[in-house]
1. Being surrounded by 15 or more Cβ atoms within 10 Å (Cβ to Cβ), in a strand (DSSP E or B) and either in the same structural domain as A112 (by TED's automatic domain parsing) or on the phi < 0 side of the Ramachandran plot (or both), is that true of even one residue in region 36-43?
2. Residue under question is S62, and the condition is that it be surrounded by fewer than 16 Cβ atoms within 10 Å (Cβ to Cβ) and touching an Asp or Glu at 6+ places or on another chain (Cβ under 8 Å); does it hold?
3. If a residue counts only when it is farther than 24 Å from H15 by Cα, which strands (runs of 3 or more DSSP E) contained entirely in region 49-133 have at least 2 such residues?
4. Got a number for residues in region 44-54 being more than 30 Å from V99 (Cβ to Cβ) and surrounded by fewer than 13 Cβ atoms within 10 Å (Cβ to Cβ)?
5. Quick one: Q123 ticks every box in (1) under 30 Å from A34 (Cβ atoms); (2) in contact with a strand residue (DSSP E or B) (Cβ under 9 Å, 6 or more places away or on another chain) bar one, so which box is it?
Amino acid sequence: MQTHTTQDGPPSAIHPEQQYQAYLAQGSFMLLRAKASGRFIFYPRVAEPLTGDTDLEWVPASGLGRVYSVTVVRKRPPEQDYNVALIDLQEGPRMMSRVEGIAPADVRIGMAVRARIVQQDDQPLLVFEPATA
């Protein structure tokens, strides 16, 4: 298994997805970045797409992004409708999540959002909320 340099220095033999979840559990949203190209990577993996570079490091994410695409999933009462959104992170990668804090139908393409870590089914989960000025 490949090792990855962490923000704290020593390499980690933990699989990237597990490390990402561990950071979320500690309250930190971290992204992998390729040292050679400087490109950010999401979903966590052992090598940079296209180049195969394995010299990666974990760095704090800004938590800022914009809604690229959104759809509302309609549920039968008493369950609540929710949205599924693609978020373009400020660092470049795109990720799937949801936007909370407003009605699902009020989420708009281009909306500025900010990441927040919540607990769902006893697991940390990254969601977004509208960013306020």
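1. Within region 36-43, the first condition is being surrounded by 15 or more Cβ atoms within 10 Å (Cβ to Cβ), and the residues that meet it are 39-42.
After this cut, where a residue has to be in a strand (DSSP E or B) as well, the list is 40-41.
Among the residues that remain, those that are also either in the same structural domain as A112 (by TED's automatic domain parsing) or on the phi < 0 side of the Ramachandran plot (or both) are: 40-41.
Within region 36-43 (the criterion being surrounded by 15 or more Cβ atoms within 10 Å (Cβ to Cβ), in a strand (DSSP E or B) and either in the same structural domain as A112 (by TED's automatic domain parsing) or on the phi < 0 side of the Ramachandran plot (or both)), the answer is yes, since at least one residue qualifies.
2. On the way: surrounded by fewer than 16 Cβ atoms within 10 Å (Cβ to Cβ): yes; touching an Asp or Glu at 6+ places or on another chain (Cβ under 8 Å): yes.
Yes: the conditions hold for S62.
3. Values: elements: 56-60, 64-73, 82-89, 94-97, 112-120, 123-130.
In region 49-133, 64-73, 82-89, 112-120, 123-130 are the strands (runs of 3 or more DSSP E) which contain 2 or more residues that are farther than 24 Å from H15 by Cα.
4. Matching residues across region 44-54 total 2.
5. For Q123, the failing item is (2).
The values are calculated or read from the model by the stated rules, or taken from the named source; none is laboratory data. Predicted, not measured: the structure shown is a model, and the values here were computed from it. Don't worry about glycine lacking a Cβ; one is built from the backbone with ideal geometry, like all the others, and counts go over all protein chains shown.
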